[in-house]
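Read through the structure below, which is laid out as structure tokens, and then see the notes.
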Amino acid sequence: MYNQFYGFKESPFNLTPNSRFFFASHKHTEALDSLVYAINQRKGFVVITGEIGSGKTTVCRTLLNRLDRHTQVALITNTHLSSKDLLMTVLEDLEIEFSNGGSKARLLSNLNTYLIDQIKQDNNVVLIIDEAQNLKPAVLEEIRMLSNLETETEKLIQIILLGQPELKQKLALSRLEQLRQRVAVYFHLTPLSEDETKEYILHRLKIASGTDHQYMTAEALQWVFKFSKGVPRLINQICDSAFLTGYITETSMIDERIIKEVIEEAPMEQFGQEKAKEYV
């Protein structure tokens, strides 16, 4: 709605993860590099955690764009599945033919045959599971069994689990000790610093506008960090609302007053339950 008014080619603060807007903060770059390393070196299990809105999915989308044609990927986003349903979803994503009425053992055999064929072609196969904190322990244990598919020298499938901090708590269960021991890389995404928050906002504005035009005052940027605490999704929500307010009031420069107004008028549930009076 406000894109034309501000001269944006696209919305700079869309909440849908978009790898084109990937901001290479220290932590997000380190997470991305860790994933690329684990995949290329066939390390097996990787776990990436972070709070809601920390940028896990954006890192994942950026990773997908960086993988070469020799990497086959199965991306699972629905984690409310039984172990057999999840296995069938993996087969479907990899376009492996199977019988719906087949046993779990038969499905695993289908997958194993495919993986062996891929390694003969020098291809790497990656299974990425988003929102993995929702997986039941029994399903996580089933996923561990997939890591048993290996040759004498390397894993046939690389498994990446993305989730909220609850995932780490779930992996700490005694029944999942064998899975926990197989995690080759563990990384936790933390919020952006104040300087990174400013750079993140300016980065997105530059991509959306194609210019270095200044759209926000220094005070406005400080207030965005003060309330968002550097969480990318909150930054996007605040800035998107601020530019909408600026458009409605025909204000070309987003200042501290507009940011405070957005924070004060936003529903509690939009930004969580921590909208304390000190921010407004």
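Placing one equal scatterer on every Cα of segment 30-83 and applying the Debye formula, the log10 ratio I(q)/I(0) at q = 0.14 Å⁻¹ is -0.43. Just the number, please: carbon plus sulfur as a percent of the accessible area of the chain, 1.4 Å probe, no ligands or DNA/RNA counted. That share works out to 46 percent.
3J(HN,Hα) couplings calculated from phi for segment 128-142 with the Karplus curve 6.51 cos²θ - 1.76 cosθ + 1.60 (θ = phi - 60°) are, in sequence order, 10, 10, 8, 6, 5, 5, 7, 5, 6, x, 5, 6, 4, 5, 5 Hz; Gly and Pro show x.
Extension gain, GLU150 to THR113, is 12.2 nm, computed as 0.36 nm per intervening residue step minus the present C-alpha separation.
Between segment 161-194 and segment 46-76, the alpha-carbon centres lie 15 Å apart. The residues of the chain expose, per residue, 50 Å² of accessible area to a 1.4 Å probe.
Of all lysines in the structure, the ones whose alpha carbon falls short of 25 Å from that of LYS56, not counting any fewer than 8 places away in one chain, are LYS27, LYS43, LYS136, LYS155, LYS168, LYS170, LYS198, LYS206, LYS226, LYS229, LYS275.
Relative to the compact-globule estimate of 2.2 N^0.38 Å, the Cα radius of gyration of segment 183-249 comes out at 1.26. Per-residue ellipticity at 222 nm computed for the chain from its helices equals -15000 deg cm²/dmol, with DSSP H segments shorter than 4 residues left out and the rest contributing -39,500 (n - 2.57). Here the calculated FRET efficiency for LYS168 and ASP33, from their Cβ-Cβ distance with R0 = 22 Å, stands at 0.60, rounded to the nearest 0.05.
Based on every Cα atom in the chain, Rg and the maximum pairwise Cα distance Dmax equal 21.7, 66 Å. Using the Cβ-Cβ distance between ILE248 and THR211 with R0 = 22 Å, the FRET efficiency computed as 1/(1 + (r/R0)^6) comes to roughly 0.45. Per-residue packing, averaged as other Cβ atoms within 10 Å, sorts the ranges 248-259, 97-108 into the order 248-259, 97-108, beginning with the highest. Using 17 Å as the cut-off for backbone N distance, which residues of segment 121-138 belong to the label zone defined by a point 7 Å from the Cα of SER19 along Cα→Cβ? In segment 121-138, the label zone of SER19 (backbone N under 17 Å from the point 7 Å along Cα→Cβ) covers 124-130.
How fast does segment 17-170 diffuse by Stokes-Einstein, in µm²/s, taking the Kirkwood radius from C-alpha pairs at 37 °C and 0.692 mPa s? Roughly 206 µm²/s, to the nearest whole number.
Placing a label point 7 Å from the Cα of GLN181 along the Cα-to-Cβ direction, the residues of segment 131-157 with a backbone N closer than 17 Å are 141-149. 3J(HN,Hα) along segment 16-30: 6, x, 9, 5, 5, 9, 3, 9, 7, 5, 4, 5, 5, 5, 5 Hz, from the Karplus curve 6.51 cos²θ - 1.76 cosθ + 1.60 with θ = phi - 60°, whole Hz, x for Gly and Pro. The angle separating the long axis of helix 83-93 from the principal Cα axis of greatest extent in the chain is about 80 degrees. Seen from a random direction on average, the alpha-carbon convex hull of segment 1-95 projects onto 8.7 square nanometres.
The values are calculated or read from the model by the stated rules, or taken from the named source; none is laboratory data. Computed from a prediction, not measured in an experiment: that's the story for all the values here. Reconstructed Cβ throughout: ideal geometry from the backbone, glycine too, with neighbour counts over all protein chains shown. SASA here: full protein model, heavy atoms, side chains in, ligands and nucleic acids out. Shrake-Rupley method; radii C 1.70, N 1.55, O 1.52, S 1.80 Å.
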